[in-house]
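The values are calculated or read from the model by the stated rules, or taken from the named source; none is laboratory data. Remember, predicted model here, so these are calculated numbers, not experimental data. Counting neighbours? That spans all protein chains shown, and the Cβs are built from the backbone with ideal geometry, glycine included. Side chains are part of the model used for accessible areas, which takes the heavy atoms of the whole protein and leaves out ligands, DNA and RNA. Shrake-Rupley method; radii C 1.70, N 1.55, O 1.52, S 1.80 Å.
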Amino acid sequence: MTARLLFAALLAQSALIAAAPSLTRLEPRGGQRGQAVKLTLVGRGLGDTAEIETRIPGAVTPLSPPKNAMQRGRELPFLVEIAPEAAVGIYPVRVKSPNGLSNILLFTVGAFPEVSEAESRQTGPVNDSAGQAQPVETPVIVNGALYGPDRDYYRIEAAKRERLVIEVEARRIGSAVDPLIQVLDSSGRRLAWNDDAPGIGIDARVEVEFPEAGSYFIAVRDSKFSKQEQDYYRLKIGKFAYAEGLYPLGWQRGGETAVEFIGGNLDAPVRTNIDLSSEQLAAEFAMLYVPGMPGALPMPFVLSGQPEALETGGAKTVLDPETWMNGRIAKPGEVDTYVLEVKPEEHWYIELHATTLGTSRLYGVLTARLPGGEQMMSTQNLTAEEKLSNLDVSQDTGIDQFLSFRNSDAQGEILIEVEDLLGRGGPDFGYRIIARRQSGDFTLTLRSHEVNVPTNGTALVIVNAERRGYDGPIRLFVPEIPDGLVAEGGNMPLYEIAGSTRQGSSALLTLTHKRGSELRDAALRIWGEAEIGGRLVRRRARGPGLEVNVQSDNEIRRLGSGFSSANVAPWLGADLPIRIVPEQPASIEITSSRYMRIIPGLKYELNWEFLAKDDGINPPPRMGANKTRNVRTFNRLRKGDIGKPRGVFDVGSQLGWGPGKYEIVLTAGVNIDGRNETVYAPAVTVDVIRAYEIEPEVTSLRPGDTGYLAARLKREPGFSSSVAIKPENLPLDVTCDPITAEPDIEEFRLACTAGPDAYPGEYEIDLASSSVVISEQGRRIPITQPAVKAKLQVLSNAAKLAVR
């Protein structure tokens with residue numbers, strides 16, 4: 001049940017806080033089911049109109065806001081009475097107000113009594129050594145925090161031969177901490193330790209049988225001693241059932257399947273039937289609970305919209321296209337083999353899911369073989385030359401593995417093998433594999449977890465792509481978009497540079513609120529589509545749900561110059577929540593066309609005007625631009641625009657890039673009552689085109705004769721240079737003369753001669769071409785375009801006599 005409670009103003013404030021709300025932390029990070037807890041939301045923009053939005057089971061009641069003026073708008077307290085029947089699990093918390101939606105933070109409901117680390121509350125002594133250990137009574141969950149090289153020690157009392165599970169919840173609940181735990185006896189001797197435990201990602205867990213009655217110490221630290229902004233953890237000590245894996249790893253939503261929980265402290269695998277008929281159509285995961293004594297967090301179970309099957313366990317299993325096959329490497333050294341029925345010249349894409357799902361220990365390797373056993377390709381041993389030919393693979397064991405290839409020779413079947421990179425195996429080495437008749441694929445990820453759209457204004461959404469054997473254009477679209485919103489842009493092009501290709505990795509999409517619309521909230525689903533091998537492929541953009549920056553140890557050592565990544569929670573859902581917020585006091589108007597056709601090497605003008613709605617808003621000194629990499633912009637101030645809120649962007653594209661569609665989104669930074677805010681203009685689509693196109697006709701020649709290859713030369717407006725055309729790759733004993741098409745020529749003919757030894761047949765020749773574009777400064781810039789294919793027929797002597 002969702003709690004949506006208006007936080008009424010108990011203390012009057014002179015004005016609404018205009019900033020969109022944001023959350024930086026929750027205090028505490030969790031609570032025991034059946035108990036009440038004071039939950040304080042800490043952040044910005046938490047004014048008297050703020051509203052909490054959460055799925056925590058139970059009652060949520062607003063409390064009086066802080067009386068301290070410095071804390072007002074920064075803290076929002078609630079009494080959370082957690083239902084006794086509440087499921088142990090992770091629940092999202094966010095804030096919304098008339099000024100927007102906040103980010104999500106996670107609150108965890110546990111089964112054990114809860115305490116806080118005294119040091120993290122800054123109210124008690126430090127617990128940085130065994131001698132300073134904080135005593136706790138089991139069972140217990142401790143809400144703690146780690147600051148860089150911090151170590152936290154806790155002391156427990158255990159009976160002789162008592163078994164306890166000791167687990168740290170961190171990454172799974174939205175923290176940036178990579179936890180490591182140690183269990184020590186009273187003399188300091190280490191009894192057990194763990195860094196990354198099976199089934200819970202990089203969180204840590206051990207189960208210990210204590211040899212004697214007495215005191216023991218639990219030490220918690222970050223495995224890399226890294227300093228994180230989100231540095232919290234929950235240390236759980238008690239008796240509860242847990243598993244280290246499950247099988248299968250997923251199933252088709254709307255159906256029913258049996259799931260087996262594996263490993264951990266289960267005496268034997270536990271098999272239970274799962275009903276997925278009530279799962280939402282948009283859900284990508286179901287959260288499954290381990291049978292037995294409660295306490296463990298649920299395990300993610302993948303939901304798909306396609307048929308599913310289980311491996312048969314025989315020597316070879318047929319791999320049906322467009323069906324997720326669930327299998328596992330049951331023992332060390334095992335190799336699972338699948339039969340894929342193929343035809344010559346078919347394109348195939350094979351994808352393997354395992355480690356990224358968090359419920360499998362498999363580091364998968366994919367291999368394709370001919371029926372006789374000859375290896376075609378593998379995700380582990382391709383050379384650089386092979387990668388550049390007709391196949392593509394992934395080789396990072398941290399991501400899903402795939403093969404993308406064209407079957408050139410095999411007729412009937414090929415073999416697809418799955419194995420573990422390290423030769424390991426066991427019941428928790430499950431995987432999911434699918435085969436598709438296409439030459440590649442892609443996935444899409446939203447950069448935003450929520451978007452606040454100004455009334456009558458525009459917001460920006462950025463979508464990233466991970467390309468898997470496909471490097472062509474991708475087009476974003478928003479089905480069933482509400483009437484009050486307009487989506488524009490969303491082109492993710494193929495990069496073409498001097499004959500080679502780079503893949504466009506992001507697209508810009510703008511959302512504009514229609515003037516007069518009463519829309520206030522929406523949940524959007526953003527999709528991308530591409531034509532891959534003649535087949536329309538659509539993939540949904542997944543939102544991060546939650547995004548927490550994770551600083552690496554390298555970054556700590558290099559004082560900010562290292563690598564950082566993000567902890568995300570895609571299981572929260574793929575919808576993009578939208579809220580319409582108050583109108584901004586300024587806007588950007590594009591006064592020229594928002595669709596531009598440009599020729600690489602030439603310059604085009606994009607005119608803009610800054611419209612301030614309040615006297616106190618000054619135009620920015622410069623206009624900014626979000627754009628894809630191969631569109632060039634230059635903010636130029638014309639003489640007549642000096643002192644006026646308008647200007648021009650010079651827009652161009654580097655020679656060799658294109659064709660393709662790209663977006664530019666103009667931005668302006670404004671200061672509103674001391675607060676910086678960004679104003680966006682709707683997307684401008686830039687269509688990078690070729691300066692000219694050559695359209696040849698089919699030409700027929702007879703041995704010993706001369707004929708003409710006719711073609712049309714279609715020039716784009718603004719291009720008036722001559723074009724040199726040279727025939728190449730001609731058949732033996734056939735010659736064609738090059739020509740130069742002058743600026744006024746729209747049709748041309750190439751004289752071609754077939755000698756007496758020309759071999760009859762149908763040939764495909766190349767028409768290579770080159771020209772120049774003239775820059776604004778009068779500089780002649782050479783350009784070349786990919787050769788155009790033309791068909792040339794050499795008739796036989798018999799055909800020649802028959803014609804005569």
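Just the projected area, averaged over all directions, of the convex hull on the alpha carbon atoms of segment 725-785: how many nm²?
Over every viewing direction, the Cα hull of segment 725-785 projects on average to 5.2 nm².
Give me the net charge for the shell around residue 726: Cβ to Cβ below 10 angstrom, other residues only, Lys and Arg +1, Asp and Glu -1.
For residues surrounding residue 726, the net value is -3.
Evaluate 2.2 N^0.38 Å with N set to the residue count of segment 636-761, then give the Cα radius of gyration divided by it.
So segment 636-761 has a normalised radius of gyration of 1.83.
For the chain, what does the helix formula give at 222 nm: sum of -39500 (n - 2.57) over DSSP H segments with n ≥ 4, over the residue count, nearest 500 deg cm²/dmol?
-500 deg cm²/dmol
Listed highest first by mean packing, meaning other Cβ atoms within 10 Å per residue, what order do 27-35, 328-336 come in?
27-35, 328-336
For residue 190 and residue 422, compute 0.36 nm times the residue count separating them, minus their Cα-Cα distance, and round to one decimal in nm.
That works out to 80.7 nm of additional length.
Please name which of 517, 358, 713 has its Cα lying farthest along the dipole of the chain towards the positive end, using unit charges on Cβ (Lys, Arg +1; Asp, Glu -1) and the Cα centre as origin.
Sorting the options by dipole projection puts first 517.
Tell me the volume per residue, in Å³, of the convex hull enclosing the alpha carbons of segment 126-260.
122
Taking a probe of 1.4 angstrom, what is the accessible area of residue 695 in Å², to the nearest 10?
80
Charges on Cβ only, +1 for Lys and Arg, -1 for Asp and Glu, centred on the Cα centroid of the chain; of 455, 416, 741, which one is farthest towards the dipole's positive end?
Looking along the dipole axis, the top candidate is 455.
Within 9 Å, Cβ to Cβ, of residue 165, how many net charges do the neighbouring residues add up to if Lys/Arg are +1 and Asp/Glu are -1?
Neighbour charge sum, excluding residue 165 itself: +2.
Can you sort 766, 757 by solvent-accessible area, 1.4 Å probe, largest first?
Highest to lowest solvent-accessible surface, that is 757, 766.
How much solvent-accessible surface does residue 791 expose, in Å² to the nearest 10, with a 1.4 Å probe and all protein chains in place?
Spelled out: residue 791, probe radius 1.4 Å, area about 100 Å².
Around residue 484, under 9 Å between beta carbons, what's the net of Lys plus Arg minus Asp minus Glu among the other residues?
It works out to a net charge of 0.
What residues have an amide H closer than 5 Å to that of residue 469, excluding those fewer than 5 places away on the same chain, when H is modeled at 1.01 Å from N in the peptide plane?
The list, which skips near neighbours in sequence, is 441.
Considering amide H positions built from the backbone, and no H for Pro or chain starts, which residues 5 or more places from residue 592, or on another chain, come under 5 Å of its amide H?
Placed amide hydrogens put 607 under 5 Å from residue 592.
Sorting 262, 462 by accessible area (1.4 Å probe), largest first, what list results?
From most accessible down to least: 462, 262.
Taking the Cα centre of each part, how many Å lie between segment 172-189 and segment 299-318?
36
For segment 537-547, what does the Karplus curve 6.51 cos²θ - 1.76 cosθ + 1.60, with θ = phi - 60°, yield as ³J(HN,Hα) per residue in whole Hz, taken in order and with x for Gly and Pro?
Computed from phi, the couplings for segment 537-547 are 10, 10, 9, 7, 6, 8, x, x, x, 9, 9 Hz.
Hey, what's the per residue convex hull volume over the C-alpha atoms of segment 41-184, in cubic angstrom?
147
Relative contact order for the chain using alpha-carbon pairs under 8 Å, separation at least 6, rounded to a whole percent?
Value for the chain: 7 percent.
How do 583, 85 rank by accessible surface area computed with a 1.4 Å probe, from largest to smallest?
Correct descending sequence by accessible area is 85, 583.
Which order do the peptides 686-693, 147-154, 45-52 come out in when sorted by mean C-beta neighbours inside 10 angstrom, highest first?
So the peptides 686-693, 147-154, 45-52, ranked by packing, come out 45-52, 686-693, 147-154.
Three principal axis extents, largest first, for the C-alpha atoms of the chain, in Å?
So the three principal-axis extents are 109, 78, 49 Å.
Which FRET efficiency value, to the nearest 0.05, is calculated for residue 697 and residue 667 with the Förster distance at 51 angstrom and r the Cβ-Cβ distance?
Step by step, r from the Cβ atoms, then E = 0.60.
Tell me, what is the 1.4 Å probe accessible area of residue 736, in Å² to the nearest 10?
Accessible surface of residue 736 is approximately 20 Å².
So, for the chain, what is the accessible surface per residue at a probe of 1.4 Å, expressed in square angstrom?
Solvent-accessible surface per residue comes out at 45 Å².
Can you give the percent of C-alpha pairs in segment 298-359 whose distance is more than 16 Å?
Of all Cα-Cα distances in segment 298-359, 56 percent exceed 16 Å.
In sequence order, what are the phi-derived ³J(HN,Hα) couplings for segment 134-145 according to the Karplus relation 6.51 cos²θ - 1.76 cosθ + 1.60 with θ = phi - 60°, rounded to whole Hz, with x for glycine and proline?
Values per residue, Gly and Pro as x: 7, x, 9, 9, 8, x, 7, 10, 9, 8, x, 8 Hz.
Considering amide H positions built from the backbone, and no H for Pro or chain starts, which residues 5 or more places from residue 514, or on another chain, come under 5 Å of its amide H?
So residue 514 has HN proximity to 485, 486.
In whole Hz and in residue order, list the ³J(HN,Hα) couplings for segment 211-222 that follow from phi through the Karplus curve 6.51 cos²θ - 1.76 cosθ + 1.60, θ = phi - 60°; x for Gly and Pro.
Using θ = phi - 60°, the values come out as x, 9, 6, x, 8, 9, 10, 10, 10, 10, 8, 6 Hz.
Over all directions, the average projected area of the alpha-carbon convex hull for segment 208-266 comes to how many nm²?
If I average the Cα hull's projected area over directions, I get 7.8 nm².
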